[in-house]
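What follows is calculated from the coordinates using simple rules that are stated; it is not laboratory data. Predicted, not measured: the structure shown is a model, and the values here were computed from it. All Cβ positions, glycine included, derive from the backbone under ideal geometry; neighbour counts span all protein chains shown.
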Amino acid sequence: MNSFQKILHSVSFIPEGKVTTYGDIATSNNMKNARIVGFALHTNTDPIKFPCHRVVKKDGSLASGYVFGGLNEQKRKLQLEGVEFLDDDKVDMYKCLYTFSDNSP
DNA sequence: TGTGTGACGATCG
DNA sequence: GCGATCGCCACAC
């Protein structure tokens, strides 16, 4: 399984109403740079199979390159799933952060 | 095979 | 406190 496959697999099982960070996905996959995570999503661009809208930055801000409707759409999807927002474009990391360490395969 | 690049992270100014 | 810069590694061309 390629690194991209691992990343996408991790993203695919983020529970509804939860979010995770690029760095966390990278760490859970034994990677050192979070850029690969974003790169993986960018090369696949498959929001149906992989809910990349649940992936945010370390500070809780949404990904700047989300093109499936824009940041507004990404934020709305998260809100519909029950993710709480502290700011207009930042999720509540303390309540909705999902760590793979708790349920890592 | 080698170079460029990227939806980030951390540090420096 | 905020902005800019450097560094990281894996993938595409």
**Principal semi-axes in Å for chain A [√(5λ), Cα gyration tensor, largest first]** = 20, 15, 12
**Fill in**
Here region A:57-67 yields Karplus 3J(HN,Hα) values (6.51, -1.76, 1.60; θ = phi - 60°; whole Hz; Gly and Pro given as x) of 7, 4, 8, x, 6, 6, 5, 6, x, 5, 10
**Request:** For region A:1-47, state which trypsin sites (Lys or Arg not before Pro) are in a DSSP loop and have at most 10 other beta carbons lying within 10 Å of their beta carbon.
**Result:** A:Lys32
**Prompt:** What is the magnitude of the charge dipole of region A:36-105 about its Cα centre, with +1 placed on the Cβ of each Lys and Arg, -1 on the Cβ of each Asp and Glu, and no other charges, expressed in debye to the nearest 20?
**Reply:** 140 debye
**Complete:** To the nearest 10 degrees, the tilt of helix A:71-81 (Cα long axis) against the first principal axis of the alpha carbons of chain A is 90 degrees
**Asked** Full extension from A:His9 to A:Phe68: what is 0.36 nm times the residue separation minus their Cα-Cα distance, to one decimal in nm?
**Response** 19.3 nm
**Prompt:** Going by alpha carbons, how many degrees (0 to 90, nearest 10) lie between the helix axis of A:3-12 and the longest principal axis of chain A?
**Reply:** 40 degrees
**Between 0 and 90°, nearest 10: helix A:35-44 axis offset from chain A longest Cα axis** = 90 degrees
**Prompt:** Roughly speaking, what is the stretch gain from A:Met1 to A:Lys95, that is 0.36 nm per residue apart minus the C-alpha to C-alpha distance, in nm to one decimal?
**Reply:** 30.7 nm
**Message:** Running a GNM on chain A with Cα contacts under 10 Å, which residue among A:Tyr66, A:Tyr94, A:Tyr22 ends up with the highest mean-square fluctuation?
**Reply:** A:Tyr94
**Request:** Would you calculate a helix-derived [θ] at 222 nm for chain A, using -39,500 (n - 2.57) for each DSSP H run of n ≥ 4 and dividing by the full residue count, to the nearest 500?
**Result:** -11500 deg cm²/dmol
